[in-house]
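One structure is given here, and the rest of the page talks about it.
The values are calculated or read from the model by the stated rules, or taken from the named source; none is laboratory data. Predicted model, so just to flag it, every value in this text is computed and none were measured. Because the Cβ atoms are built from the backbone with ideal geometry, glycine has one as well, and the counts that use them run over all protein chains shown. Just so you know, the surface numbers come from the protein's heavy atoms only, side chains and all, with ligands and any DNA or RNA stripped out. Shrake-Rupley method; radii C 1.70, N 1.55, O 1.52, S 1.80 Å.
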Amino acid sequence: MATAKIHFKPYFDEVLAAEALEKALRNKEKLKVLEILVSVNNTQRQMIRTPYKTRYGKDLEEEIKKVFSGDFEDFLVALLQTPTKLDVTELNRAVKGLGTNEKNLIEILTTRTNEEIEATKNTYFMTYGKSLEDAISADTSGDFRRLLIIILQAKREETGFANTFNVGNHAAQILKSFDKKSGIEKFDAFKIFATSNGAHIQKVIEEVERQSGKDFQKIADKELSGDFKNLILSLIETSSNKPRFLANSIHLATKGIGTRDKDLIRILVARSENDLVLIEHEFQVLFGKPLTQLIKDECKAEYRDGLTMLVKGNSRP
């Protein structure tokens, strides 16, 4: 199993890093820029921005956009965002313009903690002048929208213990909701997946399967549909194994014709200081090859090198 991760770099000097970045940008030395930005963690990348602006009178992110382009530029810009700002940018991208990227809404909101969702909501409002709830409500509908709004309240139970007293009742409510005569809405029965912790969700799934004698996936395929079904299944999978869910998301970003590079960048950058080590392990288990091999197959040149460096991580402090 891999052991690499992006860590806080000891003996770091942000002024020297700013000077080295300016020289590398002036000479368009892509690998040098990568080495500087990937060798430090996100907090230290933010530290570079102030001396860079003070010394050269330029914004580091804007300068990178001027010098580079394409996927390489997108990768470097993502590295320079705080985790919260990256989520804000990606959520806005999912709802703006024609059509909604429901898959990205699901991936981001089901894999973040209550604290992370609250920070994202605050930053979204400061950035775009409207609430994240309003933005998502305007672009989604039905039970899918209602369940997303519950997730956005950031009230999910985060302890590791199932409420055994309620497991049987929650399972029974889910099964009753399949009978139109019961008067129980499917939404009301299934919304517990957006407010319960992983241990409780898994116990409810087990109880539904015990009471019905059927596999939950088959039940969901028959009784649920569309984005609501996808959201429910994602809440279940992330409650069981978040790294596996994200490993599969990476696979889906590279499946078929063309690579959805913005999705690949988002996941790898967002998890590089969190659980990318575990995601890499799950990817190997699921697809029988290293994550670095996927990157080599799907990406090119310095963009490929940057993603690979991120997955391999930097030296431990």
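Label sites at L252 and N114, each approximated as a point 7 angstrom past Cα along Cα to Cβ, lie 2.7 nm apart. The value of relative contact order for the chain, using C-alpha pairs under 8 Å at least six residues apart, is 25 percent. The long axis of helix 42-56 is offset from the longest Cα principal axis of the chain by roughly 40 degrees. Helix 226-254 and the longest principal axis of the Cα set of the chain meet at an angle near 30°.
In a Debye calculation with equal point scatterers on the alpha-carbon sites of segment 51-173 and no solvent, what is log10 I(q)/I(0) at q = 0.10, 0.19, 0.23 Å⁻¹? Treating every Cα as an identical point scatterer, log10 I(q)/I(0) equals -0.44, -1.11, -1.33. Only DSSP H runs of four or more residues enter the estimate; each adds -39500 (n - 2.57), and after division by the residues of the chain the mean residue ellipticity at 222 nm equals -22000 deg cm²/dmol. One Cα centroid belongs to segment 207-251, the other to segment 28-70; the line between them spans 41 Å. Does segment 242-312 come out rounded, prolate or oblate, given a ≥ b ≥ c as the square roots of the eigenvalues of its C-alpha gyration tensor, rounded meaning a/c under 1.5 and, failing that, prolate meaning a/b above b/c? In terms of gyration-tensor shape, rounded.
Quote the FRET efficiency, to the nearest 0.05, computed for Q46 versus R93 with a Förster distance R0 of 22 Å and r equal to the Cβ-Cβ distance. E(calc), rounded to 0.05, equals 0.55. Count Lys and Arg as plus one, Asp and Glu as minus one, and take only other residues whose Cβ is under 14 Å from that of N92; the net charge is then +2. Gyration tensor over the Cα atoms of the chain: the corresponding equivalent ellipsoid has semi-axes (square roots of 5 times the eigenvalues, largest first) of 40, 21, 18 Å.
Each residue of segment 289-302 is assigned a 3J(HN,Hα), and the resulting list reads 8, x, 4, 5, 5, 4, 4, 4, 6, 9, 10, 10, 6, 5 Hz, derived from the Karplus form 6.51 cos²θ - 1.76 cosθ + 1.60 (θ = phi - 60°), x at Gly and Pro.
In angstrom, the C-alpha Rg and Dmax of segment 115-159 are 11.1, 33.
For segment 216-317, the relative contact order is 22 percent, taking Cα pairs closer than 8 Å that sit 6 or more residues apart in sequence and dividing their mean separation by the residue count.
Computed over neighbours whose Cβ is under 12 Å from that of A220, the net charge equals 0, Lys and Arg +1, Asp and Glu -1. Expressed as a whole percent, the accessible area of the chain that falls on carbon and sulfur atoms is 50 (1.4 Å probe). For L31, the shell of other residues with beta-carbons less than 9 Å away shows a net charge of -2, using +1 for Lys and Arg and -1 for Asp and Glu. Sorted on the mean count of surrounding Cβ atoms within 10 Å across their residues, most packed first, peptides 80-88, 8-16 read 80-88, 8-16.
Taking amide H positions as modeled 1.01 Å from N, with prolines and chain starts lacking one, the residues under 5 Å from N314 and 5 or more places away or on another chain are K5, I6, H7.
Taking only the alpha carbons of segment 14-80, we obtain Rg and Dmax values of 10.5, 28 Å in that order.
Once the Kirkwood radius over Cα pairs is known for segment 164-240, the Stokes-Einstein relation at 20 °C and 1.002 mPa s delivers a diffusion coefficient of 173 µm²/s. Across segment 164-240, C-alpha contacts under 8 Å between residues 6 or more apart give a mean separation that, scaled by the residue count, equals a relative contact order of 36 percent.
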